[in-house]
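What follows is calculated from the coordinates using simple rules that are stated; it is not laboratory data. What you see is a predicted model, and the numbers here were worked out from it, not measured in a lab. Virtual Cβ from ideal backbone geometry, glycine too; neighbours counted across all protein chains shown.
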Amino acid sequence: MSRPEASNSSIISVDALEKTYRGGSILRRGDVHALRGVSLSAERGQVFGLLGPNGAGKTTLIKILLGVIRSTGGRASLFGLPAGSAEARSRVGYLPESLRVDRHHTARSALRYYGKLSRLDSDTISRRSDELLSVVGLEGRDRESVKRFSKGMLQRLGLAQALMHDPDLLILDEPTDGLDPVGRSEVRRVIERLRDAGKTIFLNSHILHEVELVCSHLAIMAGGNVLATGPIAEMGGPSKTDSEAVTIEIEFELAHSDPTATSNADVESGVLASVGAGAGTVEWITDPIDLDSNRSRYRCRVLCSERAAVDAIVDRIRAADGSLIRLVPHRQTLEETFMRLVESPNPVAVA
Ligand SMILES: Nc1ncnc2c1ncn2[C@@H]1O[C@H](COP(=O)(O)OP(=O)(O)OP(=O)(O)O)[C@@H](O)[C@H]1O
């Protein structure tokens, strides 16, 4: 039987999803709007990260995708099938934040146990176990008691368990949380191997650096909203304030003989602030750096409230017999983007 797919090939499609936890009368707690109209999509072969601070709604979204809880509005589908339906669920492998493997197991007996839960026959279990122990780097350790396993090894065993029924989509809840740097890097390597084998991976994390290292795509969540989503390489990008404003990084040289300057501070005010003073355009400047004894080189970041101010700055440098070395739009790091979005009092979806 052929498997239905969403026409746009989205593996995960979430549209205006809402979840309100109703307040209980015993706890006298009000309603909690955990998801407030979340939309995102993940395509085949992506490693998609869901990044957000505590309480953002990440776990709630994952629970809805897995069919553990129901949404109170909007739609969520996997492979074009309603999230939570038996057919969708059968194509998903899930690694919870802390998978508990009974201590009496070896890696191999644990995989046999999870294989039986997935209703696989003995031959398939045995074949898949061999394959997966190798994929997660536990071959040769399969007869050892899991009691002797490090956290990283247990997490890799958890990944193997999630893969036993050969799912198309893996959902991983904080896969590297609580691991030491070696364990984190081992888990990342397994994720990369799975990505290369064509699996789609959706993972949830509050560790920006981890997401940056392993994910191709990202959604930033806070307060039940998706604040930005897209390819991770584009999540920094030019600083955005309003449509006309632009932040530039500018590097230029000026001769000390500049008659308007008797000190670096004078040069700064003579070259840049005078432009700002005329048009109100230079809103802030990083420290100029004096790099050279004859001609001084300056590297500044300037937030211009209108694009014409960029031309004005260049004209002013030339008029001061200076030379322009570099002028580029300032690209925000992912961390800057994340902090700007999460700290914004009025979050707005930007992509
Ligand atoms: N069963 C529940 N009943 C009531 N409120 C809940 C329930 N589960 C979660 N919440 C609330 O919903 C909001 C979102 O929680 P959720 O666990 O989805 O966030 P999260 O991004 O996964 O956070 P964390 O990183 O801390 O796990 C929080 O305010 C949380 O307190």
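What the table shows:
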item	result
Against the rule of thumb 2.2 N^0.38 Å, how large the Cα Rg of segment 1-155 comes out	1.26
Sequence ranges 31-37, 148-154, ranked by mean other-Cβ count within 10 angstrom, highest first	31-37, 148-154
Likely footprinting exposure, 217, 209, fewest C-beta neighbours within 10 Å first	209, 217
Ordering of 95-105, 76-86 by packing [mean C-beta count within 10 Å, highest first]	76-86, 95-105
Distance-filtered residues of segment 134-165 - backbone nitrogen under 16 Å, label point 7 angstrom along residue 213 Cα→Cβ	151-153, 155-156
Magnitude of the charge dipole, segment 65-104, Cβ model with Lys/Arg +1 and Asp/Glu -1, debye to 20	40
